[in-house]
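The values are calculated or read from the model by the stated rules, or taken from the named source; none is laboratory data. None of the values given here were measured: they were computed from a predicted structure. Here Cβ is always computed from backbone atoms with ideal geometry, including for glycine, and neighbour counts include all displayed protein chains. Areas reflect the complete protein model, heavy atoms only, side chains present, ligands, DNA and RNA absent. Shrake-Rupley method; radii C 1.70, N 1.55, O 1.52, S 1.80 Å.
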Amino acid sequence: MFKKFSPSTDISGQTSVKSSVQRSLRTNILSQWKVDPETFDQIWPKKEPITLVKCREHISIYQLHGEPLFFQHYDGPLFPTLRLVHKYPFILPKVGVDRGAIRFLLAGAHMMCPGLTSKGGYLPPADSGLPAGAAVAIFAEGKEHAVGLGVLKLSTEDIKKVNKDIGVETVHYLGDDLWAIQKL
Amino acid sequence: MSEAESSTAAQAVAPVQVHYCEVCTFPLEYCEFGSSFKKCKESLQKEDPELYDKYYSDEALQAKLGTLSLEAQAKLEKEAAKKEAKAEAKADAALKKKLASQVTIKRIERNKRKHVTSVHGLEAFGVDLKKAAKQFAQKFATGASVTKNLQGQEEIIVQGDVSGEIVELIEEGVGVLKGIPIDNVVEVEDKPKKKGGD
Ligand SMILES: [Zn+2]
């Protein structure tokens with residue numbers, strides 16, 4: 001999503017967000033992320049207004065004091081930025097890829113099922129499986145911090161069963177053009 | 001995970017402090033996948049030897065192999081070195097290109113008394129054209145805008161003949177016009193063709 005994304009040409013404008021909309025954003029995030037309200041207040045303090053940065057292809061980035069906090073494509077899931085996931089690694093459910101897949105992910109590739117099901121990969125056990133379409137943080141073998149974020153193309157149980165083709169569509173990763181924007 | 005879930009009491013969870021690399025901006029553990037690994041390592045060794053040991057001591061290197069075979073690891077390292085060399089070559093080429101590119105300042109006669117000045121090529125030196133246009137407009141109390149020329153390239157058009165002044169601004173490196181070698185600046189004049197030539 002943020003491959004070949006250039007702030008000077010792909011951002012169409014910045015607007016303030018109505019307080020009613022801010023309230024519903026807050027509610028949506030608290031229902032979508034695994035984060036308690038107290039911790040989330042620390043990420044986005046209640047009285048502080050967030051700014052919407054409108055970008056090409058219906059990407060919305062929300063920033064606080066110039067720092068991107070979360071984003072959305074159309075009306076899809078609300079994604080925290082990777083830097084936010086580094087600070088609060090528990091807010092998105094976790095999948096893991098093996099060391100061999102890291103290089104491909106950093107080039108923007110989607111994650112193939114075998115990279116998730118191999119010995120170095122990680123998928124949640126069946127009783128806490130995730131449905132297709134879920135937003136996930138992608139961790140990597142031998143690494144402490146998440147390397148990217150994505151959307152499950154198949155449910156985690158189907159990834160184990162099918163074990164070929166794309167399992168996770170990469171949305172945002174270390175070194176992409178959203179990562180490069182530390183301040184807008 | 002279970003700890004985070006059970007502590008949903010009124011206590012906010014403190015953020016994890018991540019050490020990011022000053023060279024490639026990645027978390028330190030991912031420097032090896034970037035395109036400046038050698039520089040990343042050198043910088044960390046100098047800035048923070050303790051952290052350097054955490055990531056690059058023999059034990060750490062052994063542990064990170066994980067499930068990857070030695071052979072695959074060797075291949076990976078070879079590719080990383082290639083990538084690094086490529087990135088360096090690219091940076092070199094970009095620098096050369098920058099040093100070779102020209103800023104053209106053109107005095108254009110619109111009619112007998114009216115001139116405009118076009119400034120072309122500033123972007124090659126990392127100058128934000130909109131900011132530069134604003135600076136010109138303020139400095140000369142005139143109109144200045146960023147437009148596309150006939151070749152579809154962006155340039156700045158300033159109302160009035162200010163070509164000499166702009167050359168001076170660049171020479172002094174005023175405002176956003178920093179870092180442009182004056183040797184790369186050329187001044188030209190564009191007069192409309194007169195009937196019968198002259
Ligand atoms: Zn680095």
### Query
Counting partner chain Cβ atoms within 10 Å of every residue's Cβ in B:25-38, what's the average?
4
#### Entry: Surface per residue (accessible, 1.4 Å probe) for segment A:94-173, Å²
40
## Note on the structure
Ranking A:Phe90, A:Phe2 from most to least accessible area with a 1.4 Å probe gives A:Phe90, A:Phe2
### Query
What's the average, rounded to a whole number, of partner chain beta-carbon atoms within 10 Å of each residue's beta-carbon in A:133-143?
2
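What is the dipole size for segment B:101-190, taken about its Cα centre, with +1 at each Lys and Arg Cβ and -1 at each Asp and Glu Cβ, in debye to the nearest 20?
Charge dipole, segment B:101-190, about its Cα centre: 480 debye, nearest 20.
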### Task
Mind checking the per residue accessible area of segment B:101-190 for me, 1.4 Å probe, whole number of Å²?
57
### Task
Using only protein heavy atoms and a 1.4 angstrom probe, determine the accessible area buried between A and B, summed over both sides, in Å² to the nearest 100.
2600
### Query
Out of B:Ala91, B:Ala144, B:Ala12, any idea which swings most in a Gaussian network model of chain B, alpha carbons joined below 10 Å?
B:Ala12
### Query
Based on the mean of other beta carbon atoms within 10 Å per residue, what is the order of A:136-146, A:71-81, A:54-64, most packed first?
A:136-146, A:71-81, A:54-64
### Query
Taking the Cα-to-Cβ direction at B:Ser57 and at A:Glu67 and moving 7 Å from each Cα, how far apart do the two end points lie in nm?
3.1
### Query
Once Lys and Arg get +1 and Asp and Glu get -1 on their Cβ, which of A:Ser118, A:Thr170, A:Val136 lies farthest toward the positive end of the dipole of segment A:94-173?
A:Ser118
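Would you mind telling me the share, in percent, of accessible area of chain A contributed by carbon and sulfur at probe 1.4 angstrom? Please report the intermediate quantities before stating the final value.
Values: 4450 of 8250 Å².
Ligands and nucleic acids excluded, carbon and sulfur reach 54 percent.
Take peptide A:37-43, look around each residue's Cβ out to 10 angstrom, count Cβ atoms belonging to other protein chains, and average those counts. Please report the intermediate quantities before stating the final value.
Numbers: counts 3, 7, 8, 2, 1, 4, 2.
Neighbouring Cβ atoms belonging to other protein chains average 4 per residue here.
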## Note on the structure
Per GNM of chain B with C-alpha springs under 10 angstrom, the most fluctuating residue out of B:Lys98, B:Lys75, B:Lys131 is B:Lys75
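Considering only the other residues whose Cβ falls under 15 Å of the Cβ of B:Glu42, what net charge follows from Lys and Arg at +1 and Asp and Glu at -1?
Working: positive: B:Lys38, B:Lys39, B:Lys41, B:Lys46; negative: B:Glu22, B:Glu32, B:Glu47, B:Asp48, B:Asp53, B:Glu84, B:Glu88.
Neighbourhood net charge equals -3.
How many percent of the accessible area of chain B is carbon or sulfur, using a 1.4 Å probe?
51
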### Message
Can you compute the charge dipole magnitude of segment A:7-86 about its Cα centre, using +1 on each Lys and Arg Cβ and -1 on each Asp and Glu Cβ, nothing else charged? Give it in debye, rounded to the nearest 20.
### Response
160
### Task
Divide the volume of the convex hull of the Cα atoms of the protein assembly as shown by its number of residues and quote the answer in cubic angstrom per residue.
204
### Query
By how many nm would the segment from B:Glu42 to B:Asn149 grow when fully extended, if each residue of separation counts as 0.36 nm and the alpha-carbon distance is taken off?
34.0 nm
### Query
Counting only the heavy atoms of the protein chains, how much of A:His65 is accessible to a 1.4 Å probe, in Å² to the nearest 10?
130
### Query
How do the peptides A:164-172, A:102-110 rank, highest first, by the average count of neighbouring beta carbon atoms within 10 Å per residue?
A:164-172, A:102-110
### Task
Would you compute, from DSSP H runs of 4+ residues alone, the mean residue ellipticity of chain B at 222 nm, taking -39500 (n - 2.57) per run and dividing by the full residue count, rounded to the nearest 500?
-13000 deg cm²/dmol
### Two-site FRET efficiency, B:Asp128 against B:Glu71, from Cβ-Cβ distance with R₀ of 35 Å, rounded to 0.05
0.15
### Task
List the residues of segment A:150-183 whose accessible area drops by at least 30 Å² when all protein chains are present, compared with their chain alone, using a 1.4 Å probe and counting only protein heavy atoms.
A:Leu174, A:Trp179
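Using the reciprocal of the averaged 1/r over all distinct C-alpha pairs, how large is the Kirkwood radius of chain B in Å?
Values: mean 1/r = 0.0454 Å⁻¹.
For chain B, inverting the mean 1/r across all distinct Cα pairs yields 22.0 Å.
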### Query
Build a GNM of chain B with springs between Cα atoms under 10 Å: which of B:Ala133, B:Ala141, B:Ala93 gets the top mean-square fluctuation?
B:Ala141
### Query
Dipole size in debye (nearest 20) for the protein assembly as shown around its Cα centre, Lys and Arg Cβ +1, Asp and Glu Cβ -1?
1620
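Taking 0.36 nm per residue of sequence separation and subtracting the Cα-Cα distance, how much length would be gained by fully extending the chain between B:Ala89 and B:Gln11, in nm to one decimal? Don't skip to the answer; put the middle values down first.
On the way: separation 78, 0.36 × 78 = 28.08 nm, distance 5.09 nm.
Full extension of this stretch gives 23.0 nm more.
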### Message
Please compute the modelled spin-label separation between A:Ala126 and B:Ser101, points set 7 Å along Cα→Cβ, answer in nm with one decimal.
### Response
5.9
